[in-house]
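Please treat every number below as a calculation from the coordinates, not as lab data. Worth saying up front: this structure is predicted, and the values here are computed from it rather than measured. Here the Cβ positions follow ideal geometry from the backbone for every residue, glycine too, while neighbour counts run over all protein chains shown.
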Amino acid sequence: MTQRIHILPDEVVNRIAAGEVVERPASVVKELVENSIDAGGSEISVFAEGGGIRGIRVIDNGTGMERTDALTAFQRYATSKIRSSDDLATIQTLGFRGEALPSIASVSRVKMVTKEAQSLSGSEISLEAGRVTEIRETGCPTGTDVAVEDLFFNTPARRKFLRSVATEFSHIVEAIVRIALPYCGVHFRLFHNEKRILDVPPTKDRLIRIGSLLGNETYKALHRVRIRMDALEIDGYASDPAFSRPNAKGIYIYVNGRFVKDRTIHHALMEGYRGRIGKDRYPVVVLFIQVPPWSMDVNVHPTKSEVRFGSTGVIHQGVLGLFQDFTGGPGEIRHDDSIDGGDLNGRRMTVMESAAEYPSGPSIGRTESELTHEGSRRELLKKKTSSLRILGQVGRAYIVCESPRGLLLIDQHAAHERIVFQQLKRGVDSGRPEVQRLLLPETVEFSPAEWERVERYLPELGRLGFDLEPFGRNTVVIKSVPSILPRRDYGQIVSDLVRDLIGEEAHGIGKAIEAALKVTACHGALRSGQELSTEEMSALLEEMEGEGFFYTCPHGRPACREIDTPQLERMFMRKS
Ligand code: ADP
Ligand code: MG
């Protein structure tokens with residue numbers, strides 16, 4: 001009988017492990033930079049070439065290694081950070097599994113140059129697909145320099161899953177931001193194709209570090225939050241509810257210095273903001289949570305971005321409590337009724353008896369320019385009798401009509417959003433969007449990490465009708481915007497747009513532009529909570545009919561709902 005079961009050779013084992021640890025160039029950056037931090041480096045520089053696919057190099061001034069250790073480091077499960085499983089309960093370092101270096105080396109070509117302070121010379125070790133090809137003595141500064149080239153050269157299937165250079169690089173930036181936020185004493189630098197992208201000097205002040213990574217605008221919107229409950233300590237910064245983002249990318253949660261993705265904490269935090277932040281909006285929050293190391297398990301996943309808590313309830317309560325009490329600074333946060341999906345329950349519901357009784361003329365609460373703008377938009381629409389009879393508005397959010405089939409309810413925001421979306425899309429498709437030039441150009445500042453991509457998106461934004469020009473450090477000046485946008489905070493619109501483009505870029509530029517159109521449409525549309533005159537309501541209906549009537553907004557939410565006569569009859573038990 002031939003033996004069928006055999007132990008896999010190390011190279012194969014490492015390559016399998018690499019599948020979990022090394023997903024993309026950013027994972028290499030994360031692992032190498034974590035090693036540099038564990039080695040006590042105070043200066044860490046990262047050089048990426050071609051989105052990190054062609055090459056990644058991380059240089060630190062940490063402890064370095066002597067030759068034998070440097071070689072052992074590439075063996076599987078070789079680590080200096082724990083000795084027994086007991087040490088896991090008191091783990092203070094970022095690494096401990098001893099998997100990163102062998103995994104990275106198994107799917108690339110690596111050259112490591114390293115030297116301890118007391119040694120006169122250092123060692124240079126080269127590896128290819130995990131095998132050592134050269135070892136030599138060399139003169140070098142104290143610390144470690146790891147260069148990784150041709151990632152996934154020997155695993156073409158993996159390589160195929162890599163995205164564009166820009167996308168892969170954006171993951172690298174994000175990996176560095178995540179590590180650099182809590183380690184404010186470390187000087188981080190990041191270069192892409194020799195261009196300096198980030199240079200974050202050391203500081204004692206966490207808030208300053210957050211500002212230099214997330215940008216000045218964010219810095220200004222942040223407030224300190226702090227709570228201590230028995231062994232749990234939470235400290236961090238949270239943005240004013242009025243300052244929000246279209247996605248959760250500004251939420252950074254650390255547990256004992258380690259960046260984690262944790263649904264419990266995320267949920268508690270959003271729950272705390274509820275009612276004060278708009279629907280589908282997210283705050284910027286950087287939260288440092290300290291728990292006793294024995295009360296959680298960090299060894300849940302090879303990338304260690306998940307943790308398991310002994311007591312989830314306590315953490316949830318702690319974070320929720322923190323954000324429920326958080327008012328966003330000295331001034332009380334007003335509940336903003338105009339926020340989409342705001343508290344409808346507290347609002348008085350009124351159904352107007354007939355359109356004739358409905359107050360017409362300009363509605364209260366909007367600025368003059370907003371009104372003139374909307375006026376001019378509506379002027380274009382010739383009155384025409386439609387098959388719909390407007391009965392009134394409910395809750396300053398829904399238009400109620402009689403249709404030939406029964407009762408029609410229209411969500412004014414969703415419906416208008418769809419109209420604006422179609423008009424913007426036509427502008428983009430024709431290559432000649434209608435724009436309005438701003439008399440007083442506004443500026444928007446981005447974080448240094450976002451800036452590279454912002455510059456790249458300027459032409460795309462131009463196609464939408466946003467004429468933006470670089471203006472000093474990480475800043476653009478808004479010269480014009482699509483003319484369909486009412487006079488609102490253009491700065492906020494542009495910053496949302498760019499963040500949405502960045503968020504969607506992984507799905508390709510077409511999808512990203514579509515997402516950008518949706519965001520713009522949302523900003524350009526009538527809000528719910530806005531009182532409408534009969535004229536405004538009928539203008540909206542006509543626009544809807546002009547667009548060929550539709551039932552959903554660009555996001556797929558319903559824009560109208562119909563209750564037909566048979567349904568009404570059943571409701572009142574006139575017919576079964
Ligand atoms: P882990 O970090 O989980 O221990 P790694 O494979 O990432 O495993 O690294 C293996 C070992 O190599 C580390 O435990 C550490 O002793 C050493 N090492 C790796 N990178 C560095 C570095 N930049 N400076 C000093 N030592 C390092
Ligand atoms: Mg490591």
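Past 29 Å, Cα to Cα: identify those pairs from 204/279; 204/249; 115/160, in the order given. Where the Cα-Cα span goes over 29 Å, the pairs concerned are 204/279; 115/160. Packing order of peptides 173-181, 463-471, highest average first: 173-181, 463-471 (average count of other Cβ atoms within 10 Å over each peptide's residues). Relative to the longest principal axis of the Cα atoms of the chain, helix 490-504 runs at roughly 50 degrees.
Region 383-428 has equivalent-ellipsoid semi-axes of 23, 14, 8 Å, by the square roots of 5 times the alpha carbon gyration tensor eigenvalues, sorted largest first.
With both residues required to sit in the chain, DSSP beta bridges show an antiparallel share near 90%. Contact order, relative form, for the chain: 11 percent (alpha carbon pairs under 8 Å, 6 or more residues apart, mean separation divided by residue count). Dividing the Cα radius of gyration of region 516-576 by its Kirkwood radius returns 1.10 for Rg/Rh. Contact order for region 216-271, expressed relative to its length and based on alpha carbon pairs under 8 Å spaced 6+ residues apart, stands at 21 percent. Using equal-weight Cα scatterers in the Debye expression, the normalised intensity of region 91-157 in log10 at q = 0.11, 0.19, 0.26 Å⁻¹ is -0.31, -0.81, -1.07.
Relative to the longest principal axis of the Cα atoms of the chain, the long axis of helix 412-430 lies at roughly 70 degrees. Which distance in Å, rounded to a whole number, links the C-alpha centroids of region 520-576 and region 289-312? Spelled out, the Cα-based centre of one part sits 48 Å from the other. According to the calculation over all Cα-Cα pairs in region 1-144, the P(r) per 10 Å bin from zero is 11, 39, 36, 10, 3, 1 %. Note on region 1-79: Cα-Cα pairs beyond 16 Å make up 64% of the total pair count. Here is how the number arises for the chain: DSSP H runs of 4 or more residues each give -39500 (n - 2.57), the sum is divided by the residue count, and the result at 222 nm is -10500 deg cm²/dmol. Protection proxy ranking for 90-103, 268-281, 6-19, using the average of other Cβ atoms within 10 Å per residue and placing the highest first: 90-103, 268-281, 6-19. Please report the spacing between the Cα centers of region 408-447 and region 15-91 in Å, no decimals. That distance is 47 Å. Diffusion of region 151-220 by Stokes-Einstein, at 20 °C in a medium of 1.002 mPa s and with Rh set to the Kirkwood radius over alpha-carbon pairs, works out to 156 µm²/s. Taking Cα atoms only, the orientation of helix 509-524 departs from the longest principal axis of the chain by about 40 degrees.
To the nearest Å, what is the center-to-center distance of region 216-242 and region 164-207, using C-alpha atoms only? Result: 22 Å between the Cα centres. The chymotrypsin sites (Phe, Trp or Tyr not before Pro) of region 139-171 that meet both conditions, a loop assignment by DSSP and at most 11 other Cβ atoms within 10 Å of the site Cβ, are 161.
Hey, can you grab everything whose amide H is under 5 Å from the amide H of residue 395? Only 5+ residues off in sequence or another chain; H modelled, so Pro and N-termini drop out. Long-range HN contacts for residue 395: 350.
For the chain, the calculated P(r) over all alpha carbon pairs, in 20 Å bins from 0 to the bin holding the longest distance, is 18, 43, 28, 10, 1 percent.
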